[in-house]
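Working notes, structure below.
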Amino acid sequence: MTASTYDHPLPVLELDTTSLTLDANSSGGTFIVKNGGGGLLAGFILSRCLGLTFSPSSWEGNSQIIEYKFSQHQSQSASIIETHAVISTTGGEFLLPVTINTSPMIIYTEEGSRITSVADFYSYARDYPAAARRLFTSSEFYMLLISTGYPYLEVYESLHKDPNRERAMDNFFHLSGLKGKTTLSLETNHMDIIQHPTEVTQSYLYVQKSDNGYADAPITAHKGSPWLALNSTRLTTADYDHENKAPVGIKINPGLMPSPFVKEQIQVGTEVLTLAVRLAPSFALRLNKEGFRYEDRGIIEVENNTGFDMTVDVHSRDRHVRFFRASYTAPRQGGPLSIPFEIRPSAFFGTRRIFRRLPYISTYVDVRARCPAQEYRKRLYLNIGEW
């Protein structure tokens, strides 16, 4: 065979698809261009639709993977776009039909919600936080962001890898401009407690969250006082109720207090509470008022903090201060004991008072309180007159 009679085989264009279909659930895909003949296949692709791109747009080789993508433009209002791409090669030309569904992507949830935007997802997350955390890392949600043209897609790809889903979603909503930064505040910044000398006190500090966003706050006592115990060292989102309020348990052990008055600072996140604790006396007496009239009634209040039932005996120096009984029992629990008395001068005393023109008189009551291994004595002074 001579060189003049030799036939060189020509390239032949072949594709592994005859058309392309895209919708809001898919940003693109790939197809393969091959050479079904001889020689070397070279060519290029032209898009006839705004937003539809091919990569590479030109090539030289007998097998080439072509990637296509679509980004919807604001000027495109039709829900269905029918177009084509021109493939021109050394092995022939082909018009590749392309159908694009530009209808917005919709996610239907098990709870009956319909999500078409990041704003819809934010509302869904407030109503169903656990389900939203699962949806946040799904391929469905990723496709929704692509179809809606989410501008911070690379940041989302980084956030959805965070194992702390609550923190990732809160940062995502903050980045999207749907919420501000979640902050914490204390119901009060100062707490005064009168501590029973023998009983452990359980109290609560309430922390308010500004919204339903993520908040992870450490809880510490500045001095680490041994008499103070906190029920937790950290607040998480699960600790807050439907009003975004969380309790922090405070337990005070009077047996470990170094003095009758102590102070400590409790810090929750960046907020600080000053806690002041004053030890109540084991035994205390007080009159219900300072001055009494000549015909009057009064009360002696007995505070028993000894931890035991206490016997209280009362005795008046003067007969015009009269008690209904000489002895009472102050229980170890149940609040202060009230001992009533009357101011009732005798007729003789009344005559003497008028004759001597006494504006007032002073007298006193002796109180003796007894409990196991302890005894207390106190004298209460009374002023009686025409006030």
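The values are calculated or read from the model by the stated rules, or taken from the named source; none is laboratory data. The structure displayed is predicted, hence computed values, not measured ones. For neighbour counting, all protein chains shown are included, and Cβ atoms are generated from backbone atoms with ideal geometry for every residue, glycine included. Heavy atoms of the whole protein, side chains included, go into the accessibility calculation; ligands, DNA and RNA do not. Shrake-Rupley method; radii C 1.70, N 1.55, O 1.52, S 1.80 Å.
Yes/no per residue for (1) of a type in the set (D, E, K, R); (2) touching a Ser or Thr at 6+ places or on another chain (Cβ under 7 Å); (3) modelled with pLDDT under 90:
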residue	(1), (2), (3)
E93	yes, no, no
E110	yes, no, no
L144	no, no, yes
K179	yes, no, yes
Handout entry: Members of the stretch 142-159 found to be of a type outside the set (S, T, Y), surrounded by 17 or more Cβ atoms within 10 Å (Cβ to Cβ) and over 18 Å from T237 (Cβ atoms), listed by number
Key = M143, L144, L145, I146
Fill in the blank from the handout: L20 passes all but one of the listed conditions (1) open to solvent by 20 Å² or more (accessible area, probe 1.4 Å); (2) modelled with pLDDT under 95; the exception is number (1)
Fill in the blank from the handout: Looking across the stretch 59-88 at residues that are of a type outside the set (S, T, N, Q) and assigned to a loop (DSSP other than H, G, I, E, B), the single one that is modelled with the lowest pLDDT is A78
Handout entry: Those residues of the stretch 315-335 which are at pLDDT below 90, over 16 Å from Y376 (Cα atoms) and either crowded, with 17+ Cβ neighbours inside 10 Å or in contact with a Ser or Thr (Cβ under 9 Å, 6 or more places away or on another chain) (or both), in sequence order
Key = R317, D318, R319, H320
Problem - Pairs where the first residue, in the stretch 219-246, is more than 18 Å from S203 (Cβ to Cβ) and the second is surrounded by fewer than 12 Cβ atoms within 10 Å (Cβ to Cβ), C-beta under 6 Å, 6+ apart - result: R234/P218
Problem - Hits in the stretch 201-236 (condition: part of a loop (DSSP other than H, G, I, E, B), at pLDDT 90 or above and open to solvent by less than 60 Å² (accessible area, probe 1.4 Å)) - result: G224, S225, W227, S232
Practice task
For the stretch 193-200, state whether one or more residues are closer than 30 Å to S123 by Cβ and part of a loop (DSSP other than H, G, I, E, B).
Solution key: no
Problem - Within the stretch 131-141, tally of residues that are part of a helix (DSSP H, G or I) and either under 15 Å from E157 (Cα atoms) or open to solvent by 50 Å² or more (accessible area, probe 1.4 Å) (or both) - result: 7
Practice task
Determine whether the stretch 301-319 contains at least one residue that is outside any strand (DSSP E or B) and of a type in the set (A, V, I, L, M).
Solution key: no
Fill in the blank from the handout: Out of (1) touching a residue at least 24 places away in the same chain (Cβ under 8 Å); (2) farther than 30 Å from T83 by Cβ; (3) open to solvent by less than 30 Å² (accessible area, probe 1.4 Å); (4) among the aliphatic types (A, V, I, L, M), the one A119 does not meet is (3)
Completion exercise
Scanning the stretch 112-128 residue by residue, those at pLDDT 90 or above and outside any strand (DSSP E or B) turn out to be G112, S113, V118, A119, D120, F121, Y122, S123, Y124, A125, D127, Y128
Practice task
Of all residues in the stretch 173-196, count the ones that are polar (S, T, N, Q) and open to solvent by less than 30 Å² (accessible area, probe 1.4 Å).
Solution key: 2
Exercise for the section: Answer yes or no: is there a residue in the stretch 89-97 that is in contact with a strand residue (DSSP E or B) (Cβ under 8 Å, 6 or more places away or on another chain), of a type in the set (F, W, Y) and touching a residue at least 60 places away in the same chain (Cβ under 8 Å). Expected result: yes
Exercise for the section: Mind counting the residues in the stretch 240-298 that are farther than 30 Å from S346 by Cβ and part of a strand (DSSP E or B)? Expected result: 27
Exercise for the section: Please enumerate the residues belonging to the stretch 242-274 that are acidic (D, E), over 17 Å from the mean Cα position of the chain (by Cα) and open to solvent by 30 Å² or more (accessible area, probe 1.4 Å). Expected result: none
Handout entry: Sole exception among (1) in contact with a Gly (Cβ under 9 Å, 6 or more places away or on another chain); (2) exposed (fewer than 14 other Cβ atoms within 10 Å of the Cβ); (3) under 21 Å from N244 (Cβ atoms) for M169, by number
Key = (2)
